Amino acid sequence: MLNEKALTGVSGAVELHIRAEFEAELPDLDTDRFEFLKVSIKRDGIRDAIKYRRCPDTGRCEIIDGHHRYTVAQELGLPYETQEVVFDNPSLTNALYWMHVYNAARRGTLHDTDRMQELKRAMAQEQGVELSKTQIVKQVAKDANVSERSIWRKSAQPKDKPSPFEYLAKVIARTFPQLTQAEREQLRDLFTS
């Protein structure tokens with residue numbers, strides 16, 4: 001799928017660009033989490049290189065990992081390292097799929113397995129190959145270094161699944177119906193702090 005070159009640069013060595021299609025694939029980062037990232041980067045600097053690929057059509061260096069870190073570095077005027085990722089197949093679909101797989105491996109979480117499967121199917125179709133759902137799940141699981149069961153289970157989850165915080169609030173309400181709303185909130189806060 002890819003051939004990672006050991007091309008490491010520093011801020012300013014290459015002109016990086018944020019491509020809308022890549023940015024649209026990122027999980028949302030609310031204001032609090034962005035501010036936390038900013039404080040962390042101010043204190044510790046940027047630890048991981050910002051990864052980019054050269055667009056085969058324009059030659060521009062497009063960020064494929066580190067969008068938020070790059071934004072913070074630009075905002076604060078901090079240095080950062082860069083690393084070029086060279087793909088065997090330089091298609092946009094392949095780069096988008098790599099973003100999902102790399103982030104799943106880096107963070108140890110599966111963000112959007114349905115999107116990963118959709119991109120894997122598109123990659124196969126670009127090569128003139130039709131894959132079954134089972135074949136796609138097998139390949140995505142292998143690429144993301146997770147079990148097939150994890151992919152199947154994550155795909156089956158409803159998109160409007162309650163957050164762990166909301167789930168805990170429901171469990172407390174069912175388990176302790178005699179408590180007032182204020183007491184339930186205190187208990188929830190005790191569990192989440």
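The values are calculated or read from the model by the stated rules, or taken from the named source; none is laboratory data. What you see is a predicted model, and the numbers here were worked out from it, not measured in a lab. Note: ideal-geometry Cβ built from the backbone for every residue, glycine included; neighbour counts use all protein chains shown. Note: areas computed on protein heavy atoms with side chains; ligands, DNA, RNA excluded. Shrake-Rupley method; radii C 1.70, N 1.55, O 1.52, S 1.80 Å.
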Requested in this report: Find all pairs meeting these conditions: Cβ atoms under 8 angstrom apart; at least six residues apart or on different chains; first residue within the range 149-174 and within 27 Å of residue 118 (Cα to Cα); second residue modelled with pLDDT of 70 or more and open to solvent by 100 Å² or more (accessible area, probe 1.4 Å).
Outcome: 162/170
Query - Qualifying position, being of a type in the set (A, V, I, L, M, F, W, C) and within 30 Å of residue 39 (Cβ to Cβ), among 105, 95, 141, 124 - result: 105
Query raised in the report: Out of the range 132-148, which residues are hydrophobic (A, V, I, L, M, F, W, C) and either touching a residue at least 24 places away in the same chain (Cβ under 8 Å) or within 20 Å of residue 106 (Cα to Cα) (or both)?
Result: 137, 140, 141, 144, 146
Query raised in the report: Just one of the numbered conditions (1) touching a helix residue (DSSP H, G or I) at 6+ places or on another chain (Cβ under 8 Å); (2) open to solvent by less than 50 Å² (accessible area, probe 1.4 Å); (3) more than 15 Å from residue 15 (Cα to Cα); (4) among the small types (Gly, Ala, Ser) is not true of residue 73; which one?
Result: (3)
Report summary line: Looking across the range 27-52 at residues that are under 17 Å from residue 107 (Cα atoms) and surrounded by 17 or more Cβ atoms within 10 Å (Cβ to Cβ), the single one that is farthest from the chain's Cα centre (by Cα) is 46
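Yes or no, residue by residue, for (1) in contact with a strand residue (DSSP E or B) (Cβ under 7 Å, 6 or more places away or on another chain); (2) in a loop (DSSP other than H, G, I, E, B); (3) open to solvent by 70 Å² or more (accessible area, probe 1.4 Å); (4) at pLDDT 65 or above:
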{"position": "159", "(1), (2), (3), (4)": "no, yes, yes, no"}
{"position": "165", "(1), (2), (3), (4)": "no, no, yes, no"}
{"position": "168", "(1), (2), (3), (4)": "no, no, no, yes"}
{"position": "188", "(1), (2), (3), (4)": "no, no, no, yes"}
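Please note which helices (runs of 4 or more DSSP H) are completely contained in the range 53-142 and include at least 1 residues that are within 11 Å of the chain's Cα centre (by Cα), of a type in the set (Lys, Arg) and closer than 19 Å to residue 22 by Cβ. Lay out the reasoning, then the answer.
Working: elements: 67-76, 92-107, 113-126.
It comes to 92-107.
Inside the range 5-21, can you point out the residues that are in contact with a strand residue (DSSP E or B) (Cβ under 7 Å, 6 or more places away or on another chain) and either modelled with pLDDT of 50 or more or open to solvent by 80 Å² or more (accessible area, probe 1.4 Å) (or both)? Break it down stepwise before answering.
Narrowing the range 5-21 to residues in contact with a strand residue (DSSP E or B) (Cβ under 7 Å, 6 or more places away or on another chain): 5, 7-10, 13-19.
Matches in the range 5-21: 5, 8, 10, 13, 14, 15, 16, 17, 18, 19.
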Requested in this report: Taking residue 24 as meeting all but one of (1) surrounded by 12 or more Cβ atoms within 10 Å (Cβ to Cβ); (2) within 24 Å of residue 139 (Cα to Cα); (3) at pLDDT below 90, write down the number of the exception.
Outcome: (1)
Query raised in the report: Do we find a residue being over 19 Å from residue 27 (Cβ atoms) and open to solvent by 70 Å² or more (accessible area, probe 1.4 Å) anywhere in the range 92-112?
Result: no
